[in-house]
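Participant: Take this structure, written in structure tokens, and hold onto it; I'll ask about it next.
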Amino acid sequence: MLNFKKRMNSGQLLNKEIVNKKGNNIMKKIDLPQAAKLTSPNPVSLVCTLKPDGSTNLATVSWWTYLSFNPNMIAYAMAKTSYSGEMVRSNRKVILTVPGAEIVDAVMGCGSTTGRNTDKSSKFEIELVEIEQSNIKIPAHSRVAIQCNLKEYHEVGDHYLYICDVEQVYGDEAEKALFAWDGYAKIATATQGE
Ligand SMILES: Cc1cc2nc3c(=O)[nH]c(=O)nc-3n(C[C@H](O)[C@H](O)[C@H](O)COP(=O)(O)O)c2cc1C
């Protein structure tokens, strides 16, 4: 009760929720999007999927993670409305790439345009290259490419979680990885974003 009153009476204490031994307020209640700002830099990937016309769609995705090294598995979450989601649910193939710094502006573009009626690689001038045993292409400027088969997907709130078996992995140390800063407001390399 006392804490409640304190909070109601003092603007400073209004959002303060956790107090240390000395009585100092150290943490306040925040929402999950605010937490995403505090965890910046967050990962950035370009999810590459096959469109019905044989071209490759590219979508910016921060919510991806390694799941298992034995067997190799990854997962990523995409809004239910995403075109990329439709594509991977229909052909079960996807390549998740970590884009290089050279294509930073294009990566932001791929995160604010749907591939439903746009060829993003042309629009944002992203050079695509072929990889073995895949009709999905990947950006030439990629630090990592993880070629996957969709194993299963689950509804998680307003997203689907795509759980994938990893078929092949490629890497290029010369490309600088991009990250999302200030939540997802800015894309930059780790040093540039500081
Ligand atoms: C930095 C950044 C990170 C993003 N991360 C995600 C994500 O993790 N999941 C998601 O569904 N959308 C994410 N988006 C938004 C999608 O990229 C966006 O909705 C895109 O238009 C989807 O394209 P599509 O409809 O061609 O699949 C992100 C956008 C940006 C700029």
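Each reported figure results from applying straightforward, stated rules to the coordinates on display, with no laboratory input. These numbers come from a predicted model, not from an experiment. For neighbour counting, all protein chains shown are included, and Cβ atoms are generated from backbone atoms with ideal geometry for every residue, glycine included.
Participant: When only DSSP loop residues count, what GluC sites (Glu not before Pro) in segment 87-129 have their Cβ near at most 16 other Cβ atoms within 10 Å?
Facilitator: Of the GluC sites (Glu not before Pro), the ones in loops of segment 87-129 whose Cβ has at most 16 other Cβ atoms within 10 Å are E125, E127.
Participant: Under 1.5 on a/c is rounded, so check that first for segment 126-194, then, if it is not, pick prolate when a/b is larger than b/c and oblate when it is not; a ≥ b ≥ c are the square roots of the alpha carbon gyration tensor eigenvalues.
Facilitator: Working: a/c = 2.35, a/b = 1.12, b/c = 2.10.
In terms of gyration-tensor shape, oblate.
Participant: While we're here: Along segment 21-28, what does the Karplus equation 6.51 cos²θ - 1.76 cosθ + 1.60 (θ = phi - 60°) give for ³J(HN,Hα), rounded to whole Hz, x for Gly and Pro?
Facilitator: Each residue's phi maps through the Karplus curve to give 4, 7, x, 7, 6, 10, 9, 10 Hz.
Participant: Skipping prolines and chain starts, which residues have an amide H placed within reach, meaning under 5 Å, of the one on I136, given they are 5 or more residues away or on another chain?
Facilitator: Placed amide hydrogens put nothing under 5 Å from I136.
Participant: What are the ³J(HN,Hα) values, in whole Hz, obtained from phi via the Karplus relation 6.51 cos²θ - 1.76 cosθ + 1.60 with θ = phi - 60°, for each residue of segment 62-72 in sequence order, with x given for Gly and Pro?
Facilitator: In residue order, the calculated couplings are 8, 8, 10, 7, 5, 10, 7, 9, 8, x, 6 Hz.
Participant: What percent do you get for the relative contact order of the chain when only Cα pairs under 8 Å and 6+ apart count? Each step should come with its number before you reach the end.
Facilitator: Details: 393 pairs, mean separation 45.4, N = 194.
That works out to 23 percent.
Participant: Something else about it: Starting at the first residue of segment 121-133, write each ³J(HN,Hα) from the Karplus equation 6.51 cos²θ - 1.76 cosθ + 1.60 with θ = phi - 60°, in whole Hz, x for Gly and Pro.
Facilitator: After applying 6.51 cos²θ - 1.76 cosθ + 1.60, I find 5, 6, 4, 9, 6, 9, 6, 9, 10, 7, 10, 4, 6 Hz.
Participant: Pairs of Cα atoms under 8 Å, at least six residues apart: use those to get the relative contact order of segment 29-132, whole percent. The partial results should precede the final answer.
Facilitator: Working: 128 pairs, mean separation 28.8, N = 104.
About 28 percent, as a whole number.
Participant: Right, next: So, in nm, how far is label E152 from label K123 when the simple model puts each one 7 Å beyond its Cα toward the Cβ?
Facilitator: 3.5 nm
Participant: Another question about this same structure. Among the Cys residues of the chain, which have no other cysteine Cβ under 4.7 angstrom away?
Facilitator: Lone cysteines by the Cβ rule: C48, C110.
Participant: Could you size up the charge dipole of segment 35-194 around its Cα centre, putting +1 on the beta carbon of Lys and Arg and -1 on that of Asp and Glu, and report it in debye to the nearest 20?
Facilitator: For segment 35-194, the charge dipole is close to 400 debye.
Participant: Taking 0.36 nm per residue of separation and subtracting the Cα-Cα distance, what length does fully extending A190 through N135 add?
Facilitator: Working it through step by step, the gained length comes to 16.6 nm.
Participant: Follow-up question, since we're still on this one. Take the alpha carbon atoms of segment 78-194, find their radius of gyration, then divide it by 2.2 N^0.38 Å using N residues; give the quotient.
Facilitator: Values: Rg = 14.5 Å, N = 117, 2.2 N^0.38 = 13.4 Å.
Dividing the Cα radius of gyration by 2.2 N^0.38 Å gives 1.08.
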